[in-house]
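The values are calculated or read from the model by the stated rules, or taken from the named source; none is laboratory data. Please read these numbers as outputs of a predicted model, since none were measured by experiment. Here the Cβ is made from the backbone with ideal geometry for all residues, glycine too, and neighbour counts use every protein chain on show. These area figures cover heavy atoms from the full protein model, side chains too; ligands, DNA and RNA do not enter into them. Shrake-Rupley method; radii C 1.70, N 1.55, O 1.52, S 1.80 Å.
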Amino acid sequence: MGSSATLGIYPHWCLGNINKCSDGITVSFFIKPYPADETSPEVVILSSGGHSYFSEGFYLLQNYGDQYEFGISKQDNVWKQNFRLLPGLWTNVFASWNDSAGLKLYVDNDLMKKDDPDKREYERDTFDPSSEIVLGQIMEGRSIDKQNLFEIDNLVIFNSAKSRENVPIGIFSNKTLNF
């Protein structure tokens with residue numbers, strides 16, 4: 001028993017294939033991290049493949065306990081933002097991206113600094129092997145074998161770039177996913 005879930009495989013839709021996101025993509029969710037320290041392994045909290053050098057999509061990583069990175073990767077570009085979260089507190093993460101505007105990331109309604117994309121080594125293949133949405137993995141792609149690392153609630157993904165003002169937080173009442 002561990003702390004992971006697969007939410008489906010979507011190679012032909014924006015959800016699992018960033019190249020199908022002609023109008024961009026928006027990801028919004030609440031996260032409550034549990035205490036971790038700087039020796040904790042890097043965790044893939046949420047990803048559609050973007051955390052991997054051989055794939056594209058969105059991702060949220062946890063590093064060194066309280067440090068987080070949300071990013072969107074497409075071909076040789078990666079738009080990413082780093083931030084910190086306090087354990088035990090619910091925090092809303094809202095990310096909106098499209099090719100022209102880049103990534104707009106809000107953490108509890110605070111807009112993070114907007115940056116140009118970084119370049120990454122990437123060799124395009126005819127098939128993206130990471131078109132599934134996953135929660136709770138280690139960087140090597142295996143499921144986390146520990147419990148209670150974080151909780152996710154109200155995970156919503158739109159197949160277009162939305163403005164923060166046009167998506168009311170908390171309108172989607174889903175079951176909290178405990179990991």
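Matching residues to (1) touching a residue at least 24 places away in the same chain (Cβ under 8 Å); (2) within 27 Å of PRO35 (Cα to Cα); (3) among the hydrophobic types (A, V, I, L, M, F, W, C):
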{"position": "TYR53", "(1), (2), (3)": "yes, no, no"}
{"position": "VAL78", "(1), (2), (3)": "yes, no, yes"}
{"position": "TRP90", "(1), (2), (3)": "yes, yes, yes"}
{"position": "PHE94", "(1), (2), (3)": "yes, yes, yes"}
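Going by the structure shown, is ASN19 open to solvent by 10 Å² or more (accessible area, probe 1.4 Å) and not in a loop (DSSP other than H, G, I, E, B)? Walk me through it before giving the result.
Numbers: open to solvent by 10 Å² or more (accessible area, probe 1.4 Å): yes; not in a loop (DSSP other than H, G, I, E, B): yes.
Considered against the rule, which asks whether it is open to solvent by 10 Å² or more (accessible area, probe 1.4 Å) and not in a loop (DSSP other than H, G, I, E, B), ASN19 comes out as yes.
Conditions tested, residue by residue: (1) open to solvent by 90 Å² or more (accessible area, probe 1.4 Å); (2) assigned to a loop (DSSP other than H, G, I, E, B); (3) modelled with pLDDT of 80 or more.
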position	(1), (2), (3)
GLN81	no, no, yes
GLY88	no, yes, yes
VAL93	no, no, yes
TRP97	no, no, yes
PHE127	yes, yes, no
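Among LYS104, LYS113, LYS146, which is modelled with pLDDT of 75 or more and part of a loop (DSSP other than H, G, I, E, B)? Spell out how you get there, then give the answer.
Working: LYS104 fails: part of a loop (DSSP other than H, G, I, E, B); LYS146 fails: modelled with pLDDT of 75 or more.
After ruling out the rest, the residue left standing is LYS113.
Of the residues that make up the range 42-52, is at least one in contact with a Leu (Cβ under 9 Å, 6 or more places away or on another chain), over 20 Å from GLU165 (Cα atoms), β-branched (Val, Ile, Thr) and loosely packed, with under 14 Cβ neighbours inside 10 Å? Don't jump to the end; show me each part of the working.
Of the residues in the range 42-52, the ones in contact with a Leu (Cβ under 9 Å, 6 or more places away or on another chain) are 42-48, 51.
Next, only the ones that are over 20 Å from GLU165 (Cα atoms) stay: 42-48, 51.
Filter once more, so that each one left must be β-branched (Val, Ile, Thr): 43-45.
After this cut, where a residue has to be loosely packed, with under 14 Cβ neighbours inside 10 Å as well, the list is none.
Scanning the range 42-52, I find no residue that is in contact with a Leu (Cβ under 9 Å, 6 or more places away or on another chain), over 20 Å from GLU165 (Cα atoms), β-branched (Val, Ile, Thr) and loosely packed, with under 14 Cβ neighbours inside 10 Å, so the answer is no.
I'd like the full set of residues that are in contact with a Phe, Trp or Tyr (Cβ under 6 Å, 6 or more places away or on another chain) and charged (D, E, K, R), limited to the range 39-96.
ASP76
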